[in-house]
Structures are given as structure tokens and as C-alpha cells.
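Asker: Let me give you the structure first, and then I'll get to my questions.
The values are calculated or read from the model by the stated rules, or taken from the named source; none is laboratory data. Since we're looking at a predicted model, the values are computed, not measured. We place every Cβ from the backbone using ideal geometry, glycine too, and count neighbours over all the protein chains shown.
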Amino acid sequence: MTKLSNLRELMLSFDSNHFIEDFKILQYVSFPQLQLLKFDYAYPRYELLMKFLETNGKNLKEFYIGNNDNPLNSAIAKFCPNLRSLFSIFRKDELETLKLLFNNCQYLESIEVWCGNEYLSEKKLFEYVAKYAPKNFIELKIYYVIYTQPEILPEELEGFFINWANRTPQIPLSLVVFFHDANAFGGNLKIIDKYKSLGVVKKIRIIT
């Protein structure tokens, strides 16, 4: 693999610590054409992955990792300025890291995060997306962790859409929600439909 200088996509599935340790072979390897990096299940130690991102992060356009490590999210913000799409996990005390990511990754168009329990609250997430998401941002994906319920109130959600509509340039936002019960959104769906008809929301998709 170290000879694959034209590699554009790297998708890795680790099912044991033994294979994760094998990633140390790659930490210093340069893949100048690499645009997509995806980890399923486990992922390498932070220091190994950070060194890999330091070498290859500037070329990445898509990065998917089930990570809840604040230093790693900071490394993504530092070393991956050209990202278009990201899946990573932020805890509720990582809002400043999320802000840093938005500020540093000015080409970012789509992000998927977790909400509920120790992870981000919807209210704060929407607040930071409206304030700090890059100008080309078009898609927000929210995964609600199991046994959690949506907590954002309809008036709070409407406030987000008002703020989104006032952004420059005004780009309709697509929402993708992963949740076990679509009926739990209640009045929030009415708010979303309202702003979809006004052109503020491009589409809404709820995946149960």
C-alpha cells in the first residue's frame, strides 16, 4: 500500500487492536492524491492518526470516523482545511472545537454529528451552524443517540431558520435526521415544512 502514490480513497475496517496497530506503518506515508478517508468501527491511536493527517490531511475532501476525541477533532480542524464532508463525534463541551473546524475548513459543505446525552445539544448545534458554518455549507446530518428525545423547541428551531435565512449567501439547507421515531418531532416538523415552503430548507429526510 505504501507504493500506491495515486490512491484516492482509503476505507479501513478494524475489528481488533492488532489490526489497528498495523496503521503505524502508514502514519508517515504520503498519498498526494488521497481525497477520501473512512474508518469503520475502531480507529487508530490518536498520535498515529494525527501524524497521518499532518502528512495527508490537506488533500482530504471527505473524512468519516466514529471519533469522540477532542484532540483528534482539533487535528482535523488544523490539518484538513479542504474538507467538503465530515462525520465525527463532538461532545457537548467541544463547541469551541466545532467553531474552530468551521472557521478553518472553509470549503465544508456537509457534516454529520451526534446529539443527545453527553454529545451536542440540538440548540447549541443549530446556533453554531447558523453563526459559524462556512458560506458553502448545505447539509446538516444529526444522529440521535439511543434512548434520547429531541429537546429543541419549535420556537428555537424557528429562530435557527430565521438566522439561516439571513446568511450571505443564502443557500437552502438540507437536513438529514437519524432517529428511531419520526413522530417524536411533532411541532418541529411543521416548522421545517414552513421554511421548506419559503425556500430556506431544501429537503428534510428522517431515517428511522
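Asker: What strands (runs of 3 or more DSSP E) completely inside the range 36-124 contain at least 3 residues that are modelled with pLDDT of 95 or more and under 29 Å from Asn188 (Cα atoms)?
Answerer: Result: 85-87, 110-115.
Asker: Can Ala165 be described as farther than 29 Å from Gly66 by Cα and among the small types (Gly, Ala, Ser)?
Answerer: yes
Asker: Kindly indicate whether Glu139 is exposed (fewer than 14 other Cβ atoms within 10 Å of the Cβ), within 30 Å of Phe79 (Cα to Cα) and either modelled with pLDDT of 95 or more or of a type in the set (Val, Ile, Thr) (or both).
Answerer: No: the conditions fail for Glu139.
Asker: Which residues, counting only those in the range 149-173, are among the small types (Gly, Ala, Ser) and in contact (Cβ under 8 Å) with a residue 40 or more places away in the chain?
Answerer: none
Asker: Which of the residues that make up the range 175-208 are touching a residue at least 40 places away in the same chain (Cβ under 8 Å) and within 16 Å of Tyr143 (Cα to Cα)?
Answerer: Val176
Asker: Would you say Pro150 is at pLDDT below 95 and surrounded by 14 or more Cβ atoms within 10 Å (Cβ to Cβ)?
Answerer: Judged against the criteria, Pro150 is a match.
Asker: Just checking, how many residues over the range 153-194 are among the aromatic types (Phe, Trp, Tyr) and modelled with pLDDT under 95?
Answerer: 3
Asker: Looking at the range 85-122, which of its residues are surrounded by fewer than 16 Cβ atoms within 10 Å (Cβ to Cβ) and not polar (S, T, N, Q)?
Answerer: The answer is Lys92, Asp93, Glu96, Lys99, Tyr107, Glu118.
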